[in-house]
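Q: I have a structure I would like to understand better, so I am pasting it below and will then ask my questions one at a time.
The values are calculated or read from the model by the stated rules, or taken from the named source; none is laboratory data. Remember, it's a predicted structure, so these values are computed and weren't measured experimentally. A quick note on method: Cβ atoms are made from the backbone with ideal geometry, for glycine too, and the neighbour counts reach across all protein chains shown. What goes into the accessible areas is simple: the full protein's heavy atoms, side chains included, and nothing from ligands, DNA or RNA. Shrake-Rupley method; radii C 1.70, N 1.55, O 1.52, S 1.80 Å.
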Amino acid sequence: MSKIFQRRGLLLAAVVPAFLVAGCAVGGNGTQAMKGEANQATPTEETTEETSPGETESPEGPESGGPEETGSEGATPTATSSGAGLPRSAVEDFFSALKSGNLDQVVSAFASTAVVELDGAPTAESTDAIRALVQKVLQGGSAKQATYTVDDVRTIGDKNAVVRSTSKAGNSTHRELFLLMKDGAEWKITELMNNKPS
């Protein structure tokens, strides 16, 4: 199976359950059949916790009685994902590098096979293309002034994750969707897409 089909499969595995749960939440009572009795991985209010790169979260996990990132086979929303070697941290480090204007650090956040699809820009499908695209973004200066918020983190198995975020620069707001893959002990961005909400 090609990497593109694998990425699309991972994206669907993360997005479809989120839409189903959101639809069930809107439907109110009597929607448990849609949610599925066996589905134990349902979002909590903590999954939409907002965090900026400058903020620190207290680490949660079994020791502190809080939730922890899971490696289950399904897409699992997680509130805890700060700390070295976790998907949220990889995205926050990416945003910090953008704010600081560190081109090399931004590019190193991506896997060698990454694809970047930014609103209004051609698709970048190689390290050189991503570097050129990021360089243009950094030259505009808006990345340094922007605020970035991680909205949701979902792990898919032990080696894949989906992170949603929101960025604001002046009057402009964008939504980002990151696909990440674990490469050794590090999470690397394999796909980044963003757009403006309507």
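Q: For the range 189-198, which positions are within 16 Å of Asp93 (Cβ to Cβ) and either touching a helix residue (DSSP H, G or I) at 6+ places or on another chain (Cβ under 7 Å) or open to solvent by 40 Å² or more (accessible area, probe 1.4 Å) (or both)?
A: Within the range 189-198, Ile189, Thr190 meet the criteria.
Q: Between a first residue in the range 184-197 that is within 18 Å of Gln105 (Cα to Cα) and a second residue that is of a type in the set (A, V, I, L, M, F, W, C) and open to solvent by 30 Å² or more (accessible area, probe 1.4 Å), which pairs have beta carbons less than 6 Å apart while being 6 or more apart in sequence or on different chains?
A: Lys188/Met181; Thr190/Met181
Q: Inspect all residues belonging to the range 151-163 and state whether any of them is within 19 Å of Gly101 (Cα to Cα) and open to solvent by less than 80 Å² (accessible area, probe 1.4 Å).
A: no
Q: So for the range 62-84 (the condition being within 17 Å of Glu191 (Cβ to Cβ), in a strand (DSSP E or B), among the aliphatic types (A, V, I, L, M) and modelled with pLDDT under 50), does at least one residue qualify? Step through it out loud before you land on a result.
A: Kept after step one, since they are within 17 Å of Glu191 (Cβ to Cβ), are these residues of the range 62-84: 75.
Next, only the ones that are in a strand (DSSP E or B) stay: 75.
Keeping just the survivors that are among the aliphatic types (A, V, I, L, M) gives 75.
The next check asks that each one be modelled with pLDDT under 50; those that pass are 75.
Yes, some residue in the range 62-84 is within 17 Å of Glu191 (Cβ to Cβ), in a strand (DSSP E or B), among the aliphatic types (A, V, I, L, M) and modelled with pLDDT under 50.
Q: Taking the stated definitions as given, is Gln139 open to solvent by 50 Å² or more (accessible area, probe 1.4 Å), closer than 14 Å to Val106 by Cα and free of Cβ contacts under 8 Å to residues at least 12 places away in the same chain?
A: For Gln139, the condition - open to solvent by 50 Å² or more (accessible area, probe 1.4 Å), closer than 14 Å to Val106 by Cα and free of Cβ contacts under 8 Å to residues at least 12 places away in the same chain - is met.
Q: Considering only residues of the range 104-132 that are modelled with pLDDT under 95 and among the hydrophobic types (A, V, I, L, M, F, W, C), which is surrounded by the fewest Cβ atoms within 10 Å (Cβ to Cβ)?
A: Among them, the one singled out is Ala121.
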